[in-house]
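Rule-based calculations on the coordinates, nothing more; no lab input. Remember, predicted model here, so these are calculated numbers, not experimental data. Glycine also receives a Cβ, built like all others from the backbone with ideal geometry; neighbour counts cover every protein chain displayed.
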Amino acid sequence: MLPPMSPRHPDAPLEVDGVPALLAPTTGPMHAGLVFRVGLVDEPLARRGITHLIEHLAAYVPGRAAAHRNSRTGVEHTYFHVQGTEDEIAEFLTGVCERLRNLPAERLAGERDALRAEAAGQPADPMPMWRHGARDFGMSSYPELGLPQLRPQHLDDWVNRYFTRDNAALWVGGDAIPAGLKLDLPGGERRPAPAPSSALPDTPAYFCGDSGVLAWDTVVPRAPVAAVLANVLERRMVRDLRDRDGHADRIRTRYEPRADGTARIVAIAEPGPERADAALAGWVRLLAAVGAGQIDEDDVTAVAELTRAGLRAADERGARLPGQAFNLLTGHPVQDLDEALAAVRAVTRDDVVKAAETAYRGGLLMTPAGTDADLPGYAAAPAASAEAVPGRVRRGRRHRELRLVSGPDGVSTIDGDTVTTVRYDACAALLAWPDGGRQLIGHDALTVRAEPTLYRRAGELTAEIDARVPAEVRVELTAREPEAIPQPPRRARWWLRRG
């Protein structure tokens with residue numbers, strides 16, 4: 001449903017306290033959500049976790065069951081959702097806005113602990129980091145490094161920048177906007193999502209994963225044909241990799257639209273260690289076939305029919321509203337049901353073939369750990385730098401192949417033929433331990449470990465790095481256990497045996 005007209009201004013979209021609103025009937029319980037255009041992509045690595053922490057603080061309601069309330073910090077959006085009566089909806093969302101204006105600082109420590117516990121049970125997805133580096137769309141690969149040093153002033157500044165009425169949208173699934181709803185948010189401005197960066201000079205590309213998971217992603221123009229392609233690909237994976245060859249059991253794909261007019265397609269298979277090589281070979285053949293246009297008309301027809309059925313069912317429940325609110329925030333058309341159905345109905349096999357060709361050319365493949373990564377036609381994703389910075393050379397202690405170079409421009413490590421460099425003007429974060437250990441993470445996601453214990457004449461190394469890295473990217477870490485501090489390899493001992 002399109003945004004209803006305001007009774008006060010018949011030609012203007014409905015709004016509540018300056019926040020644009022979408023309203024649609026629902027066959028199920030009444031529900032509503034408040035979404036802001038801020039997410040992981042907006043966070044610098046040294047402040048990673050700030051949006052999630054604010055979300056937790058704003059969503060917390062003391063002494064109340066949370067079965068029908070939830071909130072989430074996503075890649076580009078953060079939302080608060082509630083299901084219940086008009087009064088319950090008004091109370092929760094009004095309270096969210098009140099807490100955003102006055103965050104409960106006394107809960108900081110407890111919510112930090114809650115976020116750490118939440119993160120402990122969630123495996124990291126390395127794909128975004130390899131594609132985008134250590135910024136914007138690569139942030140979801142990283143832990144919430146900023147949590148320990150976030151202070152109330154940091155949070156208030158972030159709220160005033162992103163959690164404003166001009167950067168928000170409301171959706172309500174029900175007959176009317178709840179009468180008691182008040183969205184008392186500070187003024188601000190609409191904050192567009194940053195443009196995606198790239199850490200891949202060439203595609204299709206691959207990298208070797210450290211788990212048994214086989215994964216692939218790509219970035220394509222955002223359109224109904226791309227969503228259809230994602231589901232056609234899943235059907236093909238199930239048919240070829242699981243049912244026919246028996247190489248993988250758990251298979252799934254996702255379609256993730258973005259604010260910039262692109263969309264990410266993700267495909268995942270879990271083959272098990274004994275089938276990993278066969279699954280990789282089969283998956284590479286399947287991708288090549290799909291990229292070459294080997295797509296069945298029946299698959300396209302079936303997926304399009306299922307997609308239209310899903311849209312109708314979602315519209316009845318008001319489940320299309322969150323996506324419509326996201327579109328409203330990012331300047332994309334807010335389609336009614338008929339328009340959405342017509343767009344899917346217009347997708348042809350030829351359209352899917354063209355989309356598949358684009359998807360294949362931009363693909364990034366993660367191979368399961370321990371598999372043969374010799375993949376003709378795929379470029380290895382960069383895992384090293386082209387050159388070292390000029391500067392002072394420190395040799396490794398009891399390690400002839402290891403050297404560290406530090407200079408005015410940055411730091412490099414050289415281990416045999418492998419060079420890794422982080423320049424100070426492209427440093428996303430500096431991790432600092434009290435014992436003097438330093439780890440620099442570059443915008444390209446490459447990492448330099450500057451451990452004084454590993455190098456000769458390294459007494460001034462820590463102070464040199466600290467003086468040259470901008471303070472805003474520094475992350476203070478707690479003391480390491482002694483056994484966690486890297487040490488040079490033991491000297492080899494030789495004994496002369498007499499026969």
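If you take the Cα centroid of the stretch 399-433 and the Cα centroid of the stretch 43-120, the two points sit 39 Å apart. With both labels modelled 7 Å from their Cα along Cα-to-Cβ, the ARG449 to GLU387 distance reads 2.7 nm.
Here the alpha carbons of the stretch 392-484 define both size measures, Rg and Dmax, at 12.5, 35 Å. For the chain, the longest principal axis of the Cα atoms and the long axis of helix 321-330 meet at an angle of about 70 degrees.
Rounding to the nearest 20 debye, state how big the charge dipole of the stretch 228-317 is about its Cα centre with +1 on each Lys and Arg Cβ and -1 on each Asp and Glu Cβ.
Numbers: 15 positive and 17 negative charges, 42 e Å.
So the dipole magnitude of the stretch 228-317 works out to roughly 200 debye.
Computed from point charges on the beta carbon alone (+1 for Lys and Arg, -1 for Asp and Glu), the dipole magnitude for the stretch 392-484 about its Cα centre is near 500 Debye. Taking a virtual spin label 7 Å from the Cα of GLU305 along the C-beta vector, which residues in the stretch 217-234 bring their backbone nitrogen under 16 Å of it? Answer for this model: 232.
If exposed GluC sites (Glu not before Pro) are those in a DSSP loop with at most 15 other Cβ within 10 Å, what is the longest stretch of the chain that has none?
Values: sites that count: GLU189, GLU387, GLU460.
Here the longest segment lacking exposed loop sites spans 190-386.
The residue among VAL225, TYR162, GLN324 whose Cα reaches farthest toward the positive pole of the charge dipole of the chain, with charges on the beta-carbon of Lys, Arg, Asp and Glu, is TYR162.
Report, for the stretch 392-484, the % of DSSP beta bridges that are antiparallel, rounded to 5.
On the way: 26 of 29 bridges.
Once the DSSP bridges in the stretch 392-484 are tallied, antiparallel ones form about 90 percent.
Farthest toward the positive end of the dipole of the chain, out of GLY121, LEU185, ALA24, is the Cα of GLY121, where the dipole comes from beta carbon charges about the Cα centre.
Hey, if you put +1 on the Cβ of every Lys and Arg and -1 on every Asp and Glu Cβ in the stretch 205-326, which of ALA304, SER211, ALA279 ends up farthest toward the positive end of that dipole? Farthest along the dipole direction, towards plus: ALA304. Here is the size of the chain from its Cα atoms: Rg then Dmax, 25.9, 104 Å.
Count neighbours as other Cβ atoms within 10 Å of each site's Cβ, and list the trypsin sites (Lys or Arg not before Pro) in the stretch 212-304 that are DSSP loop with at most 10 such neighbours. Write out the running numbers ahead of the final one.
Details: sites: ARG222, ARG235, ARG236, ARG239, ARG242, ARG244, ARG250, ARG252, ARG254, ARG258, ARG264, ARG275, ARG285; in loops: ARG222, ARG258.
When the trypsin sites (Lys or Arg not before Pro) of the stretch 212-304 are filtered for loop state and at most 10 Cβ neighbours within 10 Å, nothing remains.
Please report the antiparallel percentage of the DSSP beta bridges confined to the chain, to the nearest 5. That works out to approximately 85 percent antiparallel.
Panel note: the C-alpha atoms of the stretch 116-173, placed on their principal axes, show extents of 34, 33, 23 Å (largest first).
For the chain, what is the charge dipole size about the Cα centre, in debye to the nearest 20, if Lys and Arg each add +1 at the Cβ and Asp and Glu each add -1 at the Cβ? Intermediate results must be reported in sequence, preceding the final value.
Numbers: 61 positive and 69 negative charges, 468 e Å.
Here the chain has a charge dipole of around 2240 debye.
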